[in-house]
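Following: one structure in structure tokens, then a few remarks.
Bear in mind these aren't lab numbers, they're just calculated from the coordinates by the rules spelled out. Keep in mind that what you see is a predicted model, and the values were worked out from it rather than measured. When we count neighbours, we look across all protein chains shown, and the Cβ atoms used for this are built from the backbone with ideal geometry, even at glycine.
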Amino acid sequence: MSSFHSFYGFLDMGGYAPFVWPAYAVTFAVMGLNVYWAKRLLRRAHQAARRRLAVQEETALAGAAGEPSV
């Protein structure tokens with residue numbers, strides 16, 4: 001059984017709405033930014049790993065062909 005008798009009563013949160021709703025907003029904003037930053041860092045890590053692999057492959061191919069490596 002809910003202690004709120006109406007939807008407005010729920011939104012009002014017993015008079016604590018000015019404190020409760022901004023807390024929810026900040027929490028969801030931080031969680032959203034955390035996901036965004038994690039995806040961005042993962043994408044950058046993948047790009048860096050691809051670059052390192054490309055350099056290693058070029059070095060291996062140059063070494064196999066008898067060319068001096070740079």
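List of remarks:
- Net lengthening on full extension, A29/H5 (0.36 nm per residue, minus Cα-Cα): 5.7 nm
- Longest segment of the chain lacking chymotrypsin sites (Phe, Trp or Tyr not before Pro) that sit in a DSSP loop with at most 16 other Cβ atoms within 10 Å: 17-70
- Between the helical axis of 17-64 and the longest alpha-carbon principal axis of the chain there is an angle of about 10 degrees.
- Among the listed values (i) 17.2; (ii) 12.1; (iii) 18.8, the one matching Kirkwood radius over Cα pairs in Å as calculated from this structure is (i).
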